[in-house]
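Report on one structure; see the data block that follows.
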Amino acid sequence: MKHKSLAVVLIPVLLVTMPLLMSGDNDSDKNDKAKGAAQGVANVPGEYQGVVLKAGSICPEITPPLIAAQIEAESSWNPNAVSEAGAQGMTQFMPDTWASFGRDGDGDGKADILNPADSIYSQGVYKCALASEVKERISAGKLKGDVPQLALAAYNSGIGNVDKYGGIPPFHDTQLYVPKIMELAAKYTAAKSVGGGGGGSAGGQAASAAA
């Protein structure tokens, strides 16, 4: 009798909870989107929101909207993009730069330059490394300017050129690249009411690696 009464209790409970659990799995994309909006990112393709948030949380200067804006500028979210200079993947890493900064972003045990999760997470790692170098130079009085913008300039033209010119280099490509991404970041920033607030990197990474 005790076993029978227990079954009578458990079966209705399972009938109620199982649909809720299944609904949670089916709504994972919606939940990721809501989470992204709450943390200050919007308009990112659903499958990339998690890693964009992860890459934009490594250091305070490099935010998720900035990560997303740079991806649009670099490859328009194309994971198979390859430039004439040999830059590869969604965030357009040069192979030599990838050798130093490529990371496993999805936990599968390998860092693949054409894997969007690895590419995006590595973008955050590399940009935060550049941001750290920029901050050190600003503290030492060697550079002046905005850390995110200088980090973008270093990503595009190489930290050596940022040092050489004491700020954003006067190269035409870099002069267009930095403001374009800063402007695009607004597109990927979630509205405050919700939750608060391709080109050129190949040469920059090559220059950075050589510096």
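The values are calculated or read from the model by the stated rules, or taken from the named source; none is laboratory data. Please read all numbers here as calculations on a predicted model, not as lab measurements. Heads up, the Cβs are rebuilt from the backbone with ideal geometry, glycines too, and the neighbour counts pull from every protein chain shown. With ligands, DNA and RNA removed, areas are computed over all heavy atoms of the protein, side chains included. Shrake-Rupley method; radii C 1.70, N 1.55, O 1.52, S 1.80 Å.
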Criterion violated by Asp118 - all others in (1) in a loop (DSSP other than H, G, I, E, B); (2) buried (at least 23 other Cβ atoms within 10 Å of the Cβ) satisfied: (1)
Flag for Ala85 being over 13 Å from the mean Cα position of the chain (by Cα), open to solvent by 10 Å² or more (accessible area, probe 1.4 Å) and not hydroxyl-bearing (Ser, Thr, Tyr): yes
One residue from Thr97, Thr91 being closer than 16 Å to Tyr177 by Cβ, among the β-branched types (Val, Ile, Thr) and surrounded by 18 or more Cβ atoms within 10 Å (Cβ to Cβ): Thr91
Residue check for Leu176: under 20 Å from Cys59 (Cβ atoms), modelled with pLDDT of 95 or more and hydrophobic (A, V, I, L, M, F, W, C): no
Among the residues listed as Val125, Val134, the single one being β-branched (Val, Ile, Thr), within 23 Å of Ala81 (Cβ to Cβ) and either open to solvent by less than 10 Å² (accessible area, probe 1.4 Å) or touching a helix residue (DSSP H, G or I) at 6+ places or on another chain (Cβ under 9 Å) (or both): Val125
Residue in the range 144-152 that is over 19 Å from Gln70 (Cβ atoms), of a type in the set (Gly, Ala, Ser) and open to solvent by 30 Å² or more (accessible area, probe 1.4 Å) present: no
